[in-house]
Every structure is written in C-alpha cells, then in structure tokens.
Amino acid sequence: MEFTFTEEQRLVQQTVRQFAKDKLLPNYSRWDRGEKIGRAEIREVAELGIFGLRVPEQFGGQNADFVTCGIMNEELSRGDFNYSLFLQLGMMIAELLAAYAQPEVQAEWLPRMATGDAVMAIALTEPAAGSDAANITTRAVKTGDAYVLNGEKASITFAGNADAGLVLARTAKGGARGISAFLVPFDAPGVSRQVYNSAGARLHQRGSLFFDNVRIPAAYLVGDESGGFYQAMIAFDFNRALVALAALGAARQSIDETIEYTKGRQVFGKPLATFEGVAFQVAEYLTLLETARLVAYKCLWLKDQGQRHTQEAAMAKWMGPKVSAEAIHACMILHGHYGYSMEVPLEQRWRDVVGFEIGDGTPEVMKGIIAREAFGKAYTAYKE
C-alpha cells in the first residue's frame, strides 16, 4: 500500500499551497465582510485548472485523477476554505454532464466550465426535503420538446451567482425512482433567487432558487428520465471526501498558525508552546486530523481504482468537518483574547467549516450510511 503522492502530485500540492498563501489568504475576509467575489478573481483561480479537473480533455479540461483533485481541494482551503466549492461543484457537474448529457449540452457547457466562465450549482435540497432528499416535490412536466419546471430549492450553494445548475426534479411518482436531472440556465425566464444571510461561507451566496413555469429544452435532460437521483448520489459519494479535505485543510492551516503563535508568545517567562496543556492539545488534533485525512484520501484512491467507496466517503464526511471544527475552536482558545478577534482568520474559518457538518449530508445521515454498509440494507432505518 502506497502512502505517498507521486512527484507530479507533490508539485501540484506545492503550487496550489503557494497560490493559496499568496493570493487567497490575504483576501479571505473580504467575502465574509460583504464584498461579492467578481469574475476576475474567479478567472484567476481558474488558471490553476480547478474548474476543469474532471472535464474531458476534448472540452478543454484535464480529466485529473481523484486523489490529485483532493490535493488541490485541501490546499486551496488553507488559503480560503470557500474556494474549494468551486472545485467540488465543478467536479460533480462535469462528471455527470460528461457521462450522461446530450452532446450539444456537453459542447455548450463543459468548455465554459473548464475556463471558469460558467459557475455551476447543484439544486437538490428543498425546504421540506434535505436529508430525505428522495422526497423532493419540484416537478418537471414534459410538454412537446420541452419540460416545464415548477418548485423551490433551498440552501443551494452559489444560488446568488451561479450561471446554471443541475436541478433535480420529479418526473414520476415513486420516491427516488421518479426523479430526473436537468441542466437549467439560471437566466431562463421564470427563475428567481433569494440569497440568505448565513453565519459563514458567505462567498457562496447560499440561498433559494424558485422555478415558475421554466421551460427547459428536452435535450437538457441529463441521463434517462427517473435516473437523476442515482446519478447524483454517485457524485455525492466522492464529493464527501472532498468536503472533508477542505475542512481539514482549513484546520491544518489553523494548527500551523497556532504552533508559530505559541512558540513566540511568552507566558510566565517561557514560550506558551512549552506548556503541556498547550502542546498536548496540538498533538491530539494533529493526530485526529491526520486520521480523518487518511480516510478521505483512501476514499478518493478507491474511486480512482473503480472500487466501491460509499462507506469511506461517509466516514470522511462525518469525521473531517467534526474534528476540523473542534481543532479550529481549540486554536481560537490557545490564541487567547486575540483568537476571538476578527483580526485573525480563526473565527471565520470556524464559522465556515461548521456549516459543512450539515452540507452534503448531516452527521446523523453519514452515520446511518456507515451503519447500513456494515449491517446491510435490511437493517437500515429508512428506505429509498
């Protein structure tokens, strides 16, 4: 079993880490204080290739392996946790469009995604269907050569600034088996948006999307009718490891900053780092973060090998954000009153990471998936 990155992957790691330090970290608080990210900043980070990681090469992408994608996601988050969502959503949608979309849809959207000219969203969650995602009520009705879409989506990342999104809508009865996926341009007549005032991750402009008799060409159906839910769940599997790595990158950056701070801070005539009450906390969280990190990379390695990785994905998604939020909180305390200040990025990182204990599946849902994989579907508490 190999636990090291390839030479090429180490170069990617070094390049993205330097970019995150030089370009992202100095601007981290801008988007949290009310300023909206512009397309110039998005195109700058697009030059790293993060938007085209899973876009096929014929459409201008890289078709990178999943472990490399994880490395980039982790390193971006050292500078700005929120940039990782550009990578994650770009990967998920590119994966689904490349596998299931009509050729004309691929030709129109995948090149724009690869260059960062199209910011994309995934619209699954609804006001009354979050964890119970198979019970969505947004409907798409076939009328001639188009589908007419009606409904509301809630808590959607990039609701305020996405150009288009993959929208899951009901086309038939039957729970998960009646759900289809559509590529929907958000400038289409009948689409409206509402951005939330979120506690963290404000760059994402999380909010609601409303569809009022929105006509979508039939060619924008992604995959077969009623197959959308299962297609999306395949992408959610590997993305849960990416969510974990984003949180872990932010936490590890916080630990590194705390190590330097406590080495320089003098207390009772000695560096704060020499006290076991401080050093042992850092040691504990370094261990927990590395444990979660290994599970996440194992998940992505399994994906690269074409092997099942559902349980590992759920493990990473449950553990990664949890221990990351706890580690960042400990770093705030170890900085004393300075750590409670908005002059350092710790409190913002904590607010940003906590939200992703919920997003892409709550801890309870993740534990349910782990238990289902261990005990078997016959013993699960819920049915699709």
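For the reader, a short list of remarks on this structure follows.
- Of Ala159, Ala169, Ala114, all but one fail to be touching a Gly at 6+ places or on another chain (Cβ under 8 Å), surrounded by 20 or more Cβ atoms within 10 Å (Cβ to Cβ) and in a loop (DSSP other than H, G, I, E, B); the exception is Ala159.
- Criterion (assigned to a helix (DSSP H, G or I), aromatic (Phe, Trp, Tyr) and closer than 24 Å to Ser254 by Cα) met by exactly one of Phe51, Phe19: Phe19
- Residue check, Gly339 outside any loop (DSSP other than H, G, I, E, B), under 17 Å from Leu286 (Cβ atoms) and out of contact with any strand residue (DSSP E or B) (no Cβ under 6 Å at 6 or more places or on another chain): no
- Test: residue in segment 76-88 that is of a type in the set (D, E, K, R) and either surrounded by 22 or more Cβ atoms within 10 Å (Cβ to Cβ) or not in a helix (DSSP H, G or I) (or both): yes
- Within segment 121-146, residues that are within 21 Å of Tyr196 (Cβ to Cβ) and without any contact (Cβ under 8 Å) to a residue 40 or more places away in the chain have Cβ atoms under 8 Å from residues that are surrounded by fewer than 18 Cβ atoms within 10 Å (Cβ to Cβ) and aromatic (Phe, Trp, Tyr) in no pair, counting only partners at least 6 apart in sequence or on another chain.
- In this structure, Tyr285 does not qualify as under 21 Å from the mean Cα position of the chain (by Cα), farther than 28 Å from Val195 by Cα, in contact (Cβ under 8 Å) with a residue 24 or more places away in the chain and crowded, with 21+ Cβ neighbours inside 10 Å.
- You will find that of Ala314, Ala325, the residue that is assigned by TED's automatic domain parsing to the domain that holds Thr291, surrounded by fewer than 24 Cβ atoms within 10 Å (Cβ to Cβ) and modelled with pLDDT of 95 or more is Ala325 and no other.
- Evaluation of Glu343 against (1) buried (at least 16 other Cβ atoms within 10 Å of the Cβ); (2) out of contact with any Asp or Glu (no Cβ under 6 Å at 6 or more places or on another chain) (one fails), failing number: (1)
The rows are residues; the columns are (1) within 28 Å of Asp187 (Cβ to Cβ); (2) touching a Leu at 6+ places or on another chain (Cβ under 8 Å).
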{"position": "Phe210", "(1), (2)": "yes, no"}
{"position": "Tyr220", "(1), (2)": "yes, yes"}
{"position": "Ser226", "(1), (2)": "yes, no"}
{"position": "Thr262", "(1), (2)": "no, yes"}
{"position": "Arg265", "(1), (2)": "no, yes"}
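- Given (1) of a type in the set (Gly, Ala, Ser); (2) in a helix (DSSP H, G or I); (3) farther than 19 Å from Ile71 by Cβ, index of the condition Gly306 fails: (2)
- Any hit, segment 42-58, residues being among the basic types (Lys, Arg) and either surrounded by 16 or more Cβ atoms within 10 Å (Cβ to Cβ) or in contact with a Phe, Trp or Tyr (Cβ under 6 Å, 6 or more places away or on another chain) (or both): yes
The values are calculated or read from the model by the stated rules, or taken from the named source; none is laboratory data. Here the structure is a predicted model, which means the values were calculated and not measured. A quick note on method: Cβ atoms are made from the backbone with ideal geometry, for glycine too, and the neighbour counts reach across all protein chains shown.
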